[in-house]
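Since every read-out is calculated from the coordinates, none of them should be taken as a lab result. Predicted model, so just to flag it, every value in this text is computed and none were measured. Neighbour counts run over all protein chains shown; Cβ positions are idealised from the backbone, glycine included.
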Amino acid sequence: MEIFNFEKFIKMEIPTSGTYFRQDILTEEQKAKKLGGMFFVIRPGHQVPLHYHTERETLIICLSGEMTEIIEGKEVHLKPNDVMFILPGEKHTTVNRTDKECRYLAYYSPPVFSDITEVK
């Protein structure tokens, strides 16, 4: 069993360098076999590179701040407590257009981190 407390991720201190921060939170270490999870922080004015997954379904949970998810060219604004589902093959990126960092969790199945293809 694993408990994920949103408040812990909202208050977590993170390194101050880089455009975004990412940390695995659900892996084989927790004996997860069919689901993976990551915690993300995107600095103001930055974004995750445009990419897609061939097999992976993704669920994004916005914890704090605001972000724009761009999926196949369509922009969707997310705020705390919003949850978004992304299908395999959909090209997407997460953008922070605000002056405050945004924090979110991403859960995905299957839990293959190598299933990521950046779009140039």
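Computed over the chain, the per-residue total of -39500 (n - 2.57) for DSSP H runs of n ≥ 4 gives a 222 nm mean residue ellipticity of -1000 deg cm²/dmol, rounded to 500.
Taking a straight line from the alpha carbon of K31, these lysines sit under 25 Å away, with near neighbours fewer than eight places off in the same chain left out: K8.
Computed extension gain for L87 through E72, at 0.36 nm per residue and net of the alpha carbon distance, reaches 4.3 nm. Among D115, D99, the order by Cβ neighbours within 10 angstrom, fewest to most, reads D99, D115.
If each residue of separation counts as 0.36 nm, what is the full-extension length gain between A32 and M1 once their alpha-carbon separation is subtracted? Walk me through the numbers on the way to the answer.
Working: separation 31, 0.36 × 31 = 11.16 nm, distance 0.97 nm.
Taking A32 through M1 to full extension adds about 10.2 nm, to one decimal.
Working from Cα pairs under 8 Å separated by at least six residues, relative contact order for the chain is 33 percent. Name the most mobile residue of T94, T16, T54, meaning the one with the largest mean-square fluctuation, in a Gaussian network model of the chain with Cα contacts below 10 Å. Most flexible of the set in this elastic network: T16. Highest mobility in the GNM of the chain, judged by mean-square fluctuation with C-alpha springs under 10 Å and restricted to P49, P80, P15, is found for P15. Loop-only check: which chymotrypsin sites (Phe, Trp or Tyr not before Pro) in segment 57-120 are DSSP coil with at most 15 other Cβ within 10 angstrom? Passing sites in segment 57-120 are F113.
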